[in-house]
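Contents: one structure, followed by commentary.
Since every read-out is calculated from the coordinates, none of them should be taken as a lab result. None of the values given here were measured: they were computed from a predicted structure. Ideal geometry is used to build each Cβ from the backbone, glycine not excepted, and the neighbour counts take in all protein chains shown.
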Amino acid sequence: MAVIETIKQFLAGINLSQIAALGPFSYLILAFLVAIEGPIATLLGAAAASLGYLNPAVVFFAAAAGNLTADTLWYYLGYVGKISWVNRFGQRLGVSLDKLVHLEDLLQAHAPKVLFISKLTVSPMIPALISTGLIKYPWKRWFPAVFAGEMIWTGSLVTIGYFGVQAIQKVELGLEHAILVTTLVFIGLIIWFGRQF
């Protein structure tokens, strides 16, 4: 069970058992870590739940709350920005005002779809949220798409983290049994060949 012990030592190294002892505040800490880091913190929270340190359902809600908080902050960062700033810096990169206007029109027409797909693919999420904020797209129209994507994304990560640790435990137990059987067969073969000679 070397892998599980490594995970336990890693989690102990970040004082997860002490964090879990904080009760409800441990989930606030998890939400904060997810807002900063995202997928890694979510997977670690799910692994901690699998090992019995945290409740998996509350880990899901804390991770989703952390991600949605970060998404909202990225949107508001774009909201306080100005298209003229993007135009000024975009010209240095070869992006014309016409392209920005075209992008704005496309985003106005398809923002919920773009944000939902971006949420599931992670990488373009921050630029999509900032762009949505820049065009002052209404919060009540983009947030449901992000919320739906978040439920799928965080649910997937928590499931992978939770059941991944359990699967590793089962595989390690199976490997231990296989090694024991192989060792016994090897010893039996040595004894049998020893008697032949």
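3J(HN,Hα) along segment 65-77, derived from phi through the Karplus expression 6.51 cos²θ - 1.76 cosθ + 1.60 where θ = phi - 60°, amounts to 4, x, 5, 5, 5, 4, 4, 5, 5, 5, 4, 5, 4 Hz, with x in place of Gly and Pro. For Lys136 and Leu77, FRET efficiency with R0 = 22 Å and r from the beta-carbon atoms, rounded to 0.05? After rounding, the FRET efficiency stands at 0.95.
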